[in-house]
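Reading through the structure tokens given below for one structure.
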Amino acid sequence: MGRAEPRAEPGTQLAILVVDDEPIVRLLCGRMLDLLGYAVTTAESGAAALHLIEQAARPFDVVLTDVMMPGLDGMALAERLLRENPSQRVVLMSGFLPPNLHSRAGYGARLPFLGKPFTADQLIETLRSLR
């Protein structure tokens with residue numbers, strides 16, 4: 001990964017929730033975002049993410065979620081979050097693109113997608129495109 005320089009916009013610290021069932025992915029993604037200057041919280045499942053979202057003192061600016069997870073998968077999580085709050089920013093990530101991703105509930109085509117593995121530059125570019 002190398003040494004990343006902080007790249008968050010001056011005076012801002014977006015709160016990002018990283019949701020992935022793989023501990024190493026949560027750790028690496030969280031560290032990458034932390035080095036880039038973001039406030040990071042992680043969750044190991046869609047259900048854990050919903051619990052954190054409900055308990056958060058302030059809303060998460062972005063939810064970065066793996067698509068393929070046991071139980072409540074990332075797409076179902078995104079669909080639920082967007083149904084409850086259409087302005088919620090969600091980014092999907094996966095090591096492969098599930099064949100029905102863009103047809104589910106019409107949300108998939110509107111959601112940014114990061115293919116794993118991704119670089120810090122790809123991640124920051126995706127986050128900046130959400131504005």
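The values are calculated or read from the model by the stated rules, or taken from the named source; none is laboratory data. It should be emphasised that the depicted structure is a prediction, and the values quoted were computed from it without experimental measurement. Reconstructed Cβ throughout: ideal geometry from the backbone, glycine too, with neighbour counts over all protein chains shown. For accessibility, only protein heavy atoms count, side chains too; no ligands or nucleic acids. Shrake-Rupley method; radii C 1.70, N 1.55, O 1.52, S 1.80 Å.
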Residues in segment 70-79: is at least one part of a helix (DSSP H, G or I) and over 18 Å from Lys116 (Cβ atoms)? yes
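Before we move on, is Leu52 surrounded by fewer than 22 Cβ atoms within 10 Å (Cβ to Cβ) and either among the polar types (S, T, N, Q) or in a loop (DSSP other than H, G, I, E, B) (or both)? Walk me through it before giving the result.
Details: surrounded by fewer than 22 Cβ atoms within 10 Å (Cβ to Cβ): yes; either among the polar types (S, T, N, Q) or in a loop (DSSP other than H, G, I, E, B) (or both): no.
So Leu52 fails the test.
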Are there any pairs with C-beta distances below 7 angstrom linking a residue in segment 17-46 that is at negative phi and in a loop (DSSP other than H, G, I, E, B) to a residue that is open to solvent by 50 Å² or more (accessible area, probe 1.4 Å) and basic (Lys, Arg), with the two at least 6 apart or on different chains, and if so which? Leu36/Arg7
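Could you tell me how many of the residues in segment 80-131 are in a helix (DSSP H, G or I), within 17 Å of Ala49 (Cβ to Cβ) and at pLDDT below 90? Please lay out each step first, then the result.
Step one: list which residues in segment 80-131 are in a helix (DSSP H, G or I), which gives 80-84, 101-103, 108-110, 120-128.
Keeping just the survivors that are within 17 Å of Ala49 (Cβ to Cβ) gives 80-84.
Keeping just the survivors that are at pLDDT below 90 gives none.
Matching residues across segment 80-131 total 0.
Residue by residue, here is whether (1) free of Cβ contacts under 8 Å to residues at least 40 places away in the same chain; (2) out of contact with any Gly (no Cβ under 9 Å at 6 or more places or on another chain) holds:
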{"residue": "Gln55", "(1), (2)": "yes, yes"}
{"residue": "Val62", "(1), (2)": "no, yes"}
{"residue": "Thr65", "(1), (2)": "no, no"}
{"residue": "Pro86", "(1), (2)": "yes, yes"}
{"residue": "Met93", "(1), (2)": "no, no"}
{"residue": "Phe96", "(1), (2)": "yes, no"}
Please go through segment 55-66 and give me each residue that is open to solvent by less than 40 Å² (accessible area, probe 1.4 Å) and in a loop (DSSP other than H, G, I, E, B), ordered by number. Ala56, Phe60, Asp61
